[in-house]
Amino acid sequence: MLGLPLVSVAVREGSSLFAMRGVHGARNDRFRQVQVSTGKGLGGRVMVERRQIEVQNYADDPRITNHFVDVVNAEGLGGMLAVPVEYDTELVGILYGGIRSIGSIGDRAKTILAEAAANIAPMMAASIRASTAIQQRVDAERQRIASDLHDDVGQLLFSISVAAQRLRDSGDEHLAQVAVGIEEQAQEATKRMREAFKVMAPSSQTEAVAVALQRETDDLQSRSDLKVHLMVRGNMRPLPTPAEAALIGAARQALFNIEQHASASLVVVTLHFETTRVSLVIQDDGRGLPDDFELQVIPRGDRHWGLASILRQAQRQGGDLEVAAGEDGGTIVRISLPLEAA
């Protein structure tokens, strides 16, 4: 339909990496292995400017870096167009078209590529989000297993090691030899368990908060009748430790309050990354707030101390906490924290 010798699409993987996942017309595998990051090459410039960009001679265009010139030259490409695939303010892919000569790919091809980018954006976004959600659940379960191993098996191995030391010091030479063997085996088992902890850690620091939140929502769903859903919007990125602690603490407190007081059936947790802010929204369909509710830094009586603690954490970081009634009932808790621009 395009009449172009090469068309491809790079799909977002992680926060700022796009990998070629659909390629038609490539002559060698090098083009299929390209991974584009911010600012690098034609696709990297599209990531920064969020608009379609055409070059008529990829190798000599001063507007782009030369990171992929060798790959482009190996394909014999000259003119190329890159079009951002965006959905709900998120860049989910980059659509490419190229010709094996110097010049423009033509207005017709530009129009079709732009329309194709708009049409495939919802499908690509849904696919990426589903894949991310599956990986978060896997990572959350691995962390749960690691936590159980640390708390249960780790303590058991420590107790075995201590018992072996006492047995070794009992004065019986035969028992001392047996104790040495037991102690060595316990130490080896501990070493292997620690190696397993490394494997079970989040696949990247970028995903750490999302994985921790997935654990919290999974735990709540497993011990209650609530349906709990986690959604992540925007491009995930590593967060400062205080921000991580504030977000996870807010989630725990809000989910605890919902479980204990809300009489809800559904909870939606949304983690939203923006350019200069990160926010966490916890919404339920429960009975809502009392008529006299007021969020206070120093509560009176024995109520709302958890929310007050989260408010102080947020304010110390220049952020804020909002607790309000939902438009359709229930309660909305929103914590918002400032971030340095990505």
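The values are calculated or read from the model by the stated rules, or taken from the named source; none is laboratory data. Every value quoted in this text rests on a predicted model; they were computed, and no experiment measured them. As a convention, Cβ positions derive from the backbone with ideal geometry for all residues, glycine included, and neighbour counts pool all protein chains shown. Accessible surface is based on the protein model in full, side chains and every heavy atom, while ligands, DNA and RNA are left aside. Shrake-Rupley method; radii C 1.70, N 1.55, O 1.52, S 1.80 Å.
Looking at Val72, Ser101, Asn28, which one has the Cα that reaches farthest to the positive end of the dipole of region 1-124 (charges on Cβ: Lys, Arg +1; Asp, Glu -1)?
Of the options given, the answer is Asn28.
So, with +1 on the Cβ of K and R and -1 on the Cβ of D and E, and no other charges, what is the size of the charge dipole of the chain about its Cα centre, to the nearest 20 debye?
1040
Heavy-atom accessible area of Lys40 with all protein chains present, probe 1.4 Å, nearest 10 Å²?
80
Using a 1.4 Å probe, what is the accessible area per residue for the chain, in Å²?
53
Averaging sequence separations of C-alpha pairs under 8 Å and six or more residues apart, then dividing by the length of region 220-292, give the relative contact order as a whole percent.
36
Alpha carbons only, please: Rg and Dmax for the chain, in angstrom.
When restricted to the Cα atoms of the chain, Rg and Dmax are 26.9, 91 Å.
Ranked highest first by average number of other Cβ atoms within 10 Å, how do 95-104, 210-219 line up?
210-219, 95-104
Compute the Cα gyration tensor for region 1-76, then decide on rounded, prolate or oblate, letting a ≥ b ≥ c be the square roots of its eigenvalues: rounded whenever a/c is under 1.5, prolate when a/b is larger than b/c in the other cases, and oblate in all that remain.
It comes out rounded by the Cα gyration axes.
If you place +1 on the Cβ of every Lys and Arg, -1 on the Cβ of every Asp and Glu, and leave all else neutral, what size is the dipole of region 222-288 about its Cα centre, to the nearest 20 Debye?
The calculation lands at about 120 debye.
What size of dipole, in debye to the nearest 20, comes out for region 1-102 about its Cα centre when the only charges are +1 on Lys and Arg C-beta atoms and -1 on Asp and Glu C-beta atoms?
140
Once you sort the root eigenvalues of the Cα gyration tensor of region 203-269 as a ≥ b ≥ c, which label holds: rounded (a/c under 1.5), prolate (a/b larger than b/c) or oblate (the other case)?
Here region 203-269 falls in the prolate category.
Could you work out the helix-only [θ] at 222 nm for the chain, with each DSSP H run of four or more residues adding -39,500 (n - 2.57) and the total divided by the number of residues, to the nearest 500 deg cm²/dmol?
-14500 deg cm²/dmol
By Kyte-Doolittle mean hydropathy of at least -0.5 and Cα axial length of at least 15 Å, which whole DSSP H helices of the chain are selected?
Once both thresholds are applied, what remains is 107-148, 154-168, 173-200, 208-223, 241-257, 305-316.
Quick one: grab the alpha carbon gyration tensor of region 33-165, order the square roots of its eigenvalues as a ≥ b ≥ c, and give me rounded if a/c is under 1.5, else prolate or oblate depending on whether a/b is larger than b/c.
prolate
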